[in-house]
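K.L.:
Handing you a structure now.
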Amino acid sequence: MDLNLLTAISPIDGRYRTKTDRLACYFSEYALIRYRIRVEIEYFIALCELPLPQLKKFNHALFDNIRDIYRNFSESDAQRVKDIEKVTNHDVKAVEYFIKERLDEIGGFENYKEFVHFGLTSQDINNTSVPLSMKEALDDVFVPQVKELVALLNEYADAWADVPMLAKTHGQPASPTRLGKEVRVFSYRLQKQLEELQRTEITAKFGGATGNFNAHHVAYPEYDWQEFGNNFVSSKLGLVREQYTTQISNYDQMGAVFDALRRINTVIIDLNRDFWMYISMDYFKQKIKAGEVGSSAMPHKVNPIDYENSEGNLGIANALLQFLAQKLPVSRLQRDLTDSTVLRNIGVPVGHSIIAIQSTLKGLRKLILNEEKIKADLDDTWAVVAEAVQTILRREAYPNPYEALKALTRTNEKMTADTIRAFIDGLNVGEDVKAELRTITPHNYTGI
């Protein structure tokens, strides 16, 4: 079968392609080739700007022309690289040969083109291209999606700030809270973890065959290649250079990025489960779309499928992120090749995360607040004011207040407003304290 949305093996590239298509610019084979070419060309330009003695006469006006090789990189260009790779059986060498072909077409590079990939090993290209693609995918796609989710949660938190709601701890009625505050918990958590993600340095390995600039130093010992590498990685690529490496990246910071993504996803899993529960408790209805079917057998059903879809995708994403964070920093001696095939999968958990966030957003936008049900649950659970009553009695030095309320409430008899009022009326305290206690209801005992 030809590859298309119906025949793709991965749902990221099939069923959910409309949600993940933007990620192809960062994590596809085409994108990896383009990022490699970008790094190679920016490196060549950096050598010209240094300048190396043999590059002093290079016309800097041509920089825009050679940058256009990656700026205007097409799918047919990527196919040409793959055709070269069939001969070389080496993907990065194919990139080098492709660039030299394009330089020949531009003309005037006969004395300069051997400085393409000068002194480098493949991992100097891979371990800059991949983190650069990750950085830009996070900046352009992932972070804006999380910010959109945070903004929607804050909007709901503001709208529902004054809606009292029965809390549930261990699944049992607990001291009342406010719906807006409970939503705010999630926006707060996501914002904090998003800040942690954005503070995490995304680093690159750039130092020659075994990380020591051997080839650079033997050819031009008069240059400070470590400083050159630091400047190139930071100024041209916006990354941070790892100072001591083997042939490959240490991947510790990449692992930190994966862990930060996993924490964000974990918060969203928690959010999904809570809203799923609120819907099952009838605290929210869901907007109905004409023509949609909730169940193939039960016509009445409107299932909270968006939260379930999100939770499933986040579970897959987090399993992969955990594997990536644990595997990549481990290699045999100065390198083995296990990181190469693993790195090609870093877009997969990002893809599942994006699918999940969009599903959560879709679910949240369907919500219709059922305030009557929330009020009814509060009216039906007067036992939750026991904490308030016994706390004020503690303040008044009343003997054994906790035990008194425990005896009242830990029975199988239903607590009502009348039950609580009768208890208050029988207390041996002043009328002013009784009046204070009578004002407390499940609707107003919501804290600050």
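K.L.:
What accessible area per residue comes out for the chain, rounded to a whole number of Å², with a 1.4 Å probe?
P.N.:
It amounts to 50 Å² per residue over the chain.
K.L.:
Let me ask something additional. How much of the accessible area of the chain, in percent, comes from carbon and sulfur atoms when a 1.4 Å probe is used?
P.N.:
51
K.L.:
At 222 nm, what helix-only mean residue ellipticity would the chain give, in deg cm²/dmol to the nearest 500, using -39500 (n - 2.57) for each DSSP H run of four or more?
P.N.:
Value at 222 nm, helices only: -18000 deg cm²/dmol.
K.L.:
Hey, can you grab everything whose amide H is under 5 Å from the amide H of Val240? Only 5+ residues off in sequence or another chain; H modelled, so Pro and N-termini drop out.
P.N.:
Sorted by chain and number, the residues that satisfy this are Ile202, Thr203, Ala204.
K.L.:
Moving on to the next point. Are there GluC sites (Glu not before Pro) in the range 214-272 that DSSP puts in a loop and that have at most 12 other Cβ atoms within 10 Å, and which ones?
P.N.:
Glu222
K.L.:
Using the Kirkwood formula on the Cα atoms of the range 61-113, what hydrodynamic radius do you get, in angstrom to one decimal?
P.N.:
It is 11.6 Å.
K.L.:
What is the angle, in °, between the Cα long axis of helix 29-49 and the longest principal axis of the Cα atoms in the chain? Nearest 10 is fine, range 0 to 90.
P.N.:
60
K.L.:
Related question: Compute the helix-to-body angle for 305-327: its Cα long axis versus the longest principal axis of the chain, expressed 0 to 90° and rounded to tens.
P.N.:
Tilt of helix 305-327: around 50 degrees.
K.L.:
Say we join alpha carbon atoms closer than 10 Å with springs in a Gaussian network model of the chain; which of Pro53, Pro349, Pro304 then has the biggest fluctuation?
P.N.:
Pro53
K.L.:
Listed highest first by mean packing, meaning other Cβ atoms within 10 Å per residue, what order do 160-173, 423-436 come in?
P.N.:
160-173, 423-436
K.L.:
Quick check: Cα centre of the range 98-140 to Cα centre of the range 237-251, how many Å?
P.N.:
The range 98-140 and the range 237-251 have Cα centres spaced 17 Å from each other.
K.L.:
In straight Cα distance, which lysines are under 18 Å from Lys366, not counting same-chain residues fewer than 8 positions off?
P.N.:
Once the sequence-local lysines are set aside, what remains near Lys366 is Lys285, Lys287, Lys289, Lys301.
K.L.:
Arranged from highest to lowest average of other beta-carbon atoms within 10 Å per residue, in what order do the peptides 278-285, 408-415 appear?
P.N.:
By packing density, highest mean first, the sequence is 278-285, 408-415.
K.L.:
Identify all aspartates and glutamates with a Cα-Cα distance to Lys168 below 12 Å; exclude those on the same chain that are fewer than 8 residues away in sequence.
P.N.:
Glu182, Asp274, Asp377
K.L.:
Would you indicate which of [x] 82, 81, 38; [y] 101, 54, 41; [z] 70, 55, 40 is the value of Cα extents along the principal axes in Å derived from the coordinates of this structure?
P.N.:
Given [x] 82, 81, 38; [y] 101, 54, 41; [z] 70, 55, 40, the calculated one carries the label [y].
K.L.:
Taking the chain as the reference, fit the longest principal axis to its C-alpha atoms, fit the long axis of helix 386-395 to the helix C-alpha atoms, and give the angle between the two in degrees, 0 to 90, nearest 10.
P.N.:
80
K.L.:
Just want to confirm a number: the relative contact order over the chain, from Cα pairs under 8 angstrom separated by 6+ residues, in percent.
P.N.:
Taking the mean separation of contacting Cα pairs over the length of the chain, I get 16 percent.
K.L.:
With a 10 Å cut-off between alpha carbons and a GNM built on the chain, which of Ser235, Ser353, Ser187 moves the most?
P.N.:
Ranking Ser235, Ser353, Ser187 by mean-square fluctuation puts Ser235 first.
K.L.:
Hey, another quick one. Using amide H atoms built 1.01 Å from N in the peptide plane, name the residues 5+ places from Met165, or on other chains, whose amide H lies under 5 Å from its own.
P.N.:
Thr177, Arg178, Leu179
K.L.:
Go through 71-80, 254-263 and give me the packing order, highest mean Cβ count within 10 Å leading.
P.N.:
Ranking the peptides 71-80, 254-263 by packing returns 254-263, 71-80.
K.L.:
Using θ = phi - 60° and the Karplus form 6.51 cos²θ - 1.76 cosθ + 1.60, what ³J(HN,Hα) does each residue of the range 427-434 get, whole Hz, x for Gly and Pro?
P.N.:
Once rounded to whole Hz, the list reads 6, 8, 9, x, 4, 5, 5, 4.
The values are calculated or read from the model by the stated rules, or taken from the named source; none is laboratory data. Quick caveat, the model's predicted, so the values are computed rather than measured. As a convention, Cβ positions derive from the backbone with ideal geometry for all residues, glycine included, and neighbour counts pool all protein chains shown. Only protein heavy atoms, including side chains, enter the accessible area calculation; ligands, DNA and RNA are left aside. Shrake-Rupley method; radii C 1.70, N 1.55, O 1.52, S 1.80 Å.
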